[in-house]
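Q: The structure follows.
The values are calculated or read from the model by the stated rules, or taken from the named source; none is laboratory data. As the structure is a computational prediction, the values presented were derived from the model and not from experiment. All Cβ positions, even for glycine, are placed from backbone atoms using ideal geometry, and neighbour counts span all protein chains on display. Just the protein is used for accessible areas: all its heavy atoms, side chains included, with ligands, DNA and RNA removed. Shrake-Rupley method; radii C 1.70, N 1.55, O 1.52, S 1.80 Å.
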Amino acid sequence: VSFTSGNARGGRLSTSGGGIRVHLDPTADLFIDAKASGGSVTANIPVTVQGTLSRYKLNGKIGSGGETLVLRTSGGGIRIEPLL
């Protein structure tokens, strides 16, 4: 999934049989709540981690935070990439 440049509205993405790859504007202000039960969570954009850092979950903020983007998968990993 690719969000448009400047999109900081948040939302929810989930799968039960595969991974999630999401492309975000690294200048958008968002909270990230990501959990994967079948793979790891990786972010290739700056995220300020909140709580305990884990291979399978990521809670943090991009920029100054804002709306929450919830990402869940039960059959793969989650990758957070910069918007191309």
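Q: Between residue 21 and residue 40, 0.36 nm times their residue separation minus their Cα-Cα distance comes to what?
A: Going from the current span to full extension adds 5.7 nm.
Q: Leaving ligands, DNA and RNA out of it, report the carbon-plus-sulfur percent of the accessible area of the chain at a 1.4 Å probe.
A: For the chain, the apolar C and S fraction of the accessible surface comes to 48 percent.
Q: Now for a different question. Which chymotrypsin sites (Phe, Trp or Tyr not before Pro) in the chain sit in a loop by DSSP (not H, G, I, E or B) and have at most 15 other Cβ atoms within 10 Å of their own Cβ?
A: 56
Q: Comparing 19, 63, 11, which has the greatest mean-square fluctuation in the GNM of the chain with Cα pairs linked when under 10 Å apart?
A: 11
Q: Counting C-alpha atoms alone, how compact is the chain: give Rg to one decimal and Dmax as a whole number, in angstrom.
A: Reported Rg and Dmax, both Å: 11.5, 32.
Q: Okay, next question. At 1.4 Å probe size, with every protein chain present, just tell me what the per residue accessible area of the chain comes to in Å².
A: Solvent-accessible surface per residue comes out at 54 Å².
Q: Further question on the same structure: Size of the stretch 38-84 along its principal axes in angstrom, Cα-based, largest extent first?
A: 30, 29, 17
Q: Could you sort 49, 22, 70 by their accessible area in this structure, using a 1.4 Å probe and putting the largest first?
A: Result, largest first: 49, 70, 22.
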